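For reference, the structure discussed in these notes is given below.
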Amino acid sequence: MSLLEIDHISKRFGGLLAVNDVTFDVGDGEIVSMIGPNGAGKTTAFNCITGLYPVTSGDVRFDGVSIVGLPPHRITALGITRTFQNIRLFSFMTAVDNVMVGEHSRMHAKVWDAILRTPKARREERAVEGHALTILSGLGLERYADMYARNLPYGFQRRLEIARALASGPRLLLLDEPAAGLNPQEKNELMGVISHLRDEGLTIFLIEHDMRVVMEISDRIVVLDYGEKIAEGSPAEVRNNPRVIEAYLGSGATTQMHTARSTPLRPANPADDEGERPA
Amino acid sequence: MLETPVSPIPADSVDLPATAGQTREVESSAIFWLLAVGGLLLVAMGWFLPWFVEPTANGIGFSPQDVVSSSPTGVGTVLVYVMGAAMLALLAGLVVDAVAVYGHRGRALRYEGARAVLALTGVVCTLAIWVLIGLSHEEPLFGALSASAQTDNAVWMTLTGFAICAFAYGLRPWIIRHTSVSLAGVAFIVGGLVPYIFNQSSDFISWAAGSLAIYTLLGLGLNVVVGFAGLLDLGYAAFFAIGAYTAGSLFGSRHGVHEIPFWVIIFLGAAVAALFGAILGAPTLRLRGDYLAIVTLGFGEIIPDAANNNLFSQTGGPNGISGIDRPGFGHFDFGTDYRYYFWALLILISLVIICMRNLERSRLGRAWVAIREDEVAASATGINTVSGKLLAFAIGASVSGFAGAFYGAELGIVTPEDFRFAVSVTALTIVVLGGIGNITGVAVGAMIVTFLIFWVLPHMTEWSTTVGHTTGITQLSTVPYEQYSFVVYGVMLILIMLLRPAGLLPSRARKVELQTGMESESLAAVRGTV
Ligand SMILES: Nc1ncnc2c1ncn2[C@@H]1O[C@H](COP(=O)(O)OP(=O)(O)OP(=O)(O)O)[C@@H](O)[C@H]1O
Ligand SMILES: [Mg+2]
């Protein structure tokens with residue numbers, strides 16, 4: 001049964017077709033990875049799914065319901081949350097506040113509750129704070145709870161973004177290059193976290209350049225190149241797919257794929273900060 | 001929803017850098033100093049005030065030391081001496097501290113319990129004397145001093161200052177632990193006493209009710225938009241105008257609905273202003289920064305212009321709406337006695353501040369901060385940024401709607417000229433000067449700005465004429481000081497940006513934001529990546 005259905009979506013930026021007629025599914029309880037060279041359109045696809053960009057054509061269905069055209073917060077409330085390729089925490093909020101923002105869509109306090117601090121609002125605040133602290137300690141972040149997000153060590157900032165995404169109680173978690181910039185030890189921990197989340201019933205869809213991470217944890221892999229899906233399948237199938245090898249290396253040995261794309265320095269890419277939503 | 005926690009991961013054992021707790025400590029001591037210095041200032045002002053006030057016929061005893069030197073009798077004597085002893089003992093404690101700090105040995109704060117007792121004794125005696133003087137209209141309890149004596153302002157200022165100093169100094173540990181409560185308590189009590197302290201100078205009370213209190217409300221409301229949600233609004237006076245005209249037309253002579261009590265009408269004023277806040281908010285939601293500022297600026301100009309052009313023949317054109325009824329309770333009428341407006345506004349401001357503090361710590365308050373910091377991330381995290389911003393505009397506008405309704409009732413007339421750009425500038429200056437996003441800061445900013453603009457500037461002519469007469473420089477009496485209000489704003493803003501860019505009492509996050517902003521900018525300059 002597929003939780004997320006991407007149905008022939010395209011996204012055009014002026015003359016550039018960043019995502020071109022891409023179709024695939026993410027099944028319930030799966031870990032699916034999306035890979036592809038820089039500028040392949042992976043982040044753009046994420047932005048289309050989460051409602052940050054309107055799709056040019058095509059449909060996205062979550063749990064059988066079309067979510068195209070919904071504003072991002074509605075999509076979050078339906079159960080899809082994400083992290084960003086370039087960490088986008090609320091830097092001058094404490095870690096626990098960041099997670100509490102994540103709980104926003106699950107809270108019910110209305111304006112009047114907020115202004116008058118009604119017992120209902122108070123109860124909810126307490127419950128939410130407790131829940132936020134639980135999430136933080138689940139990710140090993142409890143000692144940072146009262147620190148400004150920007151003061152956390154880099155690896156912990158990545159983890160805090162995951163904590164914030166988990167706070168809304170999602171069914172599908174989108175991770176945009178969660179391992180970027182992490183050291184090998186942190187990458188192992190991250191993989192532990194991801195598989196653990198899946199064991200708890202979460203579906204995970206991630207973009208990742210690190211082939212070791214991708215190959216080890218993915219149930220399935222989708223490969224994008226120049227906006228088009230060029231392959232899809234199990235890690236073994238994708239690894240040996242000639243089109244994938246060509247896309248990555250022009251031509252050459254498959255073994256090189258392990259290192260070829262994990263270099264931190266990549267060409268500038270306007271979508272790396274999803275700053276403005278196009279009109 | 002994830003009920004069970006995710007598998008724990010060993011966190012590296014790193015030393016934590018400065019945490020929130022320490023920052024709170026620093027903030028608390030800022031509040032302590034605010035109280036301590038404020039109290040001392042009041043004492044000093046009380047002491048020196050008689051030098052500036054002309055002696056009058058019945059002018060016996062020009063300064064507060066006369067409370068003692070006019071040989072008090074009866075209950076008064078005991079109280080005065082007990083208060084004096086407590087104050088001297090506290091002063092001795094101050095010296096002990098100074099020595100301890102100077103000599104780098106011993107704790108700065110010793111005998112805490114004794115100090116607390118002394119402080120409370122001092123405060124209670126001071127307030128008792130205060131009340132006794134106030135009650136003794138006929139027979140002075142304290143020698144020549146009575147409520148109607150010319151020296152009241154001075155004596156009462158000094159007594160209030162004494163009480164604050166005793167409280168601040170003697171109960172320092174308690175204050176640092178309960179900053180908001182102590183600051184709010186002192187502000188509320190002293191605020192409530194202002195009409196008594198200045199019972200001799202009715203124009204000071206009209207300043208307090210007409211400028212200070214009104215602009216405090218405006219600052220608090222604008223702080224929601226600019227400080228909490230981070231949306232720059234240059235036309236805030238528009239909502240003030242809308243509130244004032246709404247209340248004015250319902251309560252004024254034109255089509256006065258005299259049956260509705262004023263206390264209902266101020267809420268109507270607030271509601272209409274909130275509605276307009278949302279109406280202005282809706283088309284500007286997609287705009288940011290400069291663009292938003294320009295649109296709000298335009299709105300701020302349109303509203304008084306529309307009123308000036310007698311919109312729908314309802315606003316009375318340049319003459320505005322006059323004959324606005326005075327509010328009151330039942331048969332009791334506020335009339336033109338500014339003391340009642342001041343007290344009513346004081347209560348309203350206290351309620352608004354409580355609501356603001358609630359908002360700050362609520363789901364909505366967090367959403368505003370998130371929108372301010374990163375709108376995209378906020379919306380992806382589940383926040384409806386559209387309704388968040390609309391609510392910021394609406395709530396901000398409603399507070400100025402209250403202010404507008406009161407303003408009209410106080411003056412009995414509203415005209416378009418009361419709501420020009422200068423009002424928006426004043427409100428914005430208050431917020432920036434006090435500390436963007438900090439409620440206490442806004443209150444302090446309102447005091448400073450309105451004191452300079454609406455008290456010092458209008459009196460400058462008078463003062464400098466006096467100085468001109470004594471010194472023989474006649475030109476001094478012809479300087480049009482009141483035209484220099486924008487110069488004062490400019491100088492204030494430049495100084496604050498140079499000296500304390502986050503405002504006098506910065507909000508925690510803003511302080512760090514600014515500091516790191518500067519650091520990373522200068523780092524970028526070093527790396528040559530600017
Ligand atoms: N908002 C935008 N406006 C214009 N072009 C865009 C925008 N966002 C993305 N693009 C372009 O779309 C293409 C796909 O970008 P995208 O960020 O999706 O790539 P990616 O696969 O995530 O790459 P990377 O691995 O570097 O993150 C790029 O050529 C990029 O320049
Ligand atoms: Mg990307």
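The values are calculated or read from the model by the stated rules, or taken from the named source; none is laboratory data. Just so it is clear, the model here is predicted, and its values are computed rather than measured. As a convention, Cβ positions derive from the backbone with ideal geometry for all residues, glycine included, and neighbour counts pool all protein chains shown. Surface accessibility is based on the protein's heavy atoms, side chains included, excluding ligands, DNA and RNA. Shrake-Rupley method; radii C 1.70, N 1.55, O 1.52, S 1.80 Å.
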Residue match in the range A:95-103 (condition: out of contact with any helix residue (DSSP H, G or I) (no Cβ under 9 Å at 6 or more places or on another chain) and open to solvent by 40 Å² or more (accessible area, probe 1.4 Å)): no
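For (1) under 18 Å from the mean Cα position of the chain (by Cα); (2) open to solvent by 20 Å² or more (accessible area, probe 1.4 Å), each residue gets a yes or a no:
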position: A:A114; (1), (2): no, no
position: A:G130; (1), (2): no, yes
position: A:T134; (1), (2): no, yes
position: A:R150; (1), (2): no, yes
position: A:L173; (1), (2): yes, no
Residue in the range A:231-247 that is buried (at least 18 other Cβ atoms within 10 Å of the Cβ), in contact with a Leu (Cβ under 8 Å, 6 or more places away or on another chain) and touching a residue at least 40 places away in the same chain (Cβ under 8 Å) present: no
Index of the failed condition, A:F24 passing every other in (1) more than 24 Å from A:R243 (Cα to Cα); (2) more than 16 Å from ligand 2 (Cβ to nearest atom); (3) hydrophobic (A, V, I, L, M, F, W, C); (4) in the same structural domain as A:L175 (by TED's automatic domain parsing): (1)
Residue that is nearest to ligand 1 (Cβ to nearest atom) [pool: residues in the range A:182-201 that are free of Cβ contacts under 8 Å to residues at least 12 places away in the same chain and over 18 Å from A:A163 (Cα atoms)]: A:P184
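Is there a residue being farther than 30 Å from A:N47 by Cα, open to solvent by 30 Å² or more (accessible area, probe 1.4 Å) and assigned to a helix (DSSP H, G or I) anywhere in the range B:403-414?
yes
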Any chance A:A179 is within 14 Å of ligand 1 (Cβ to nearest atom), open to solvent by less than 40 Å² (accessible area, probe 1.4 Å) and touching a helix residue (DSSP H, G or I) at 6+ places or on another chain (Cβ under 7 Å): yes
Meets criteria (within 16 Å of ligand 1 (Cβ to nearest atom), in a helix (DSSP H, G or I) and buried (at least 17 other Cβ atoms within 10 Å of the Cβ)) for A:T43: yes
The range B:158-216, residues that are within 20 Å of B:V352 (Cβ to Cβ), of a type outside the set (V, I, T) and without any contact (Cβ under 8 Å) to a residue 12 or more places away in the chain: B:G185
Condition broken by A:C48, with the remaining ones in (1) within 16 Å of ligand 2 (Cβ to nearest atom); (2) open to solvent by 30 Å² or more (accessible area, probe 1.4 Å) satisfied: (2)
Matching entry among A:I221, A:I135, A:I204 (being in contact with a helix residue (DSSP H, G or I) (Cβ under 7 Å, 6 or more places away or on another chain), away from ligand 1 (no atom under 16 Å from the Cβ), within 30 Å of A:G64 (Cα to Cα) and assigned to a strand (DSSP E or B)): A:I204
Among (1) within 13 Å of another protein chain (Cβ to nearest Cβ); (2) in a loop (DSSP other than H, G, I, E, B); (3) on the phi < 0 side of the Ramachandran plot; (4) not aliphatic (A, V, I, L, M) - the single one B:R326 does not satisfy: (1)
Count of the range B:372-391 residues which are part of a helix (DSSP H, G or I) and either more than 11 Å from chain A (Cβ to nearest Cβ) or open to solvent by 30 Å² or more (accessible area, probe 1.4 Å) (or both): 8
Answer from A:R198, A:R158, A:R143, A:R212 - the residue that is at the interface with another protein chain (Cβ under 9 Å from one of its Cβ atoms) and part of a helix (DSSP H, G or I): A:R143
Hits in the range A:14-40 - residues which are within 13 Å of ligand 1 (Cβ to nearest atom) and touching a Ser or Thr at 6+ places or on another chain (Cβ under 8 Å): A:L17, A:A18, A:V19, A:N20, A:V22, A:S33
Matching residues, the range A:61-83, being buried (at least 24 other Cβ atoms within 10 Å of the Cβ) and either more than 7 Å from chain B (Cβ to nearest Cβ) or assigned to a loop (DSSP other than H, G, I, E, B) (or both): A:I75, A:I80, A:T81, A:T83
Test result for A:R122, open to solvent by 40 Å² or more (accessible area, probe 1.4 Å), among the basic types (K, R) and in contact (Cβ under 8 Å) with a residue 24 or more places away in the chain: no
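Does B:G396 count as part of a helix (DSSP H, G or I), within 14 Å of chain A (Cβ to nearest Cβ), touching an Asp or Glu at 6+ places or on another chain (Cβ under 8 Å) and surrounded by 20 or more Cβ atoms within 10 Å (Cβ to Cβ)?
Considered against the rule, which asks whether it is part of a helix (DSSP H, G or I), within 14 Å of chain A (Cβ to nearest Cβ), touching an Asp or Glu at 6+ places or on another chain (Cβ under 8 Å) and surrounded by 20 or more Cβ atoms within 10 Å (Cβ to Cβ), B:G396 comes out as yes.
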Test result for B:R366, facing another protein chain (nearest Cβ under 9 Å), in contact (Cβ under 8 Å) with a residue 60 or more places away in the chain and farther than 13 Å from B:T216 by Cα: no
Yes/no for A:A163 being open to solvent by less than 30 Å² (accessible area, probe 1.4 Å), modelled with pLDDT of 90 or more and more than 25 Å from A:I6 (Cβ to Cβ): yes
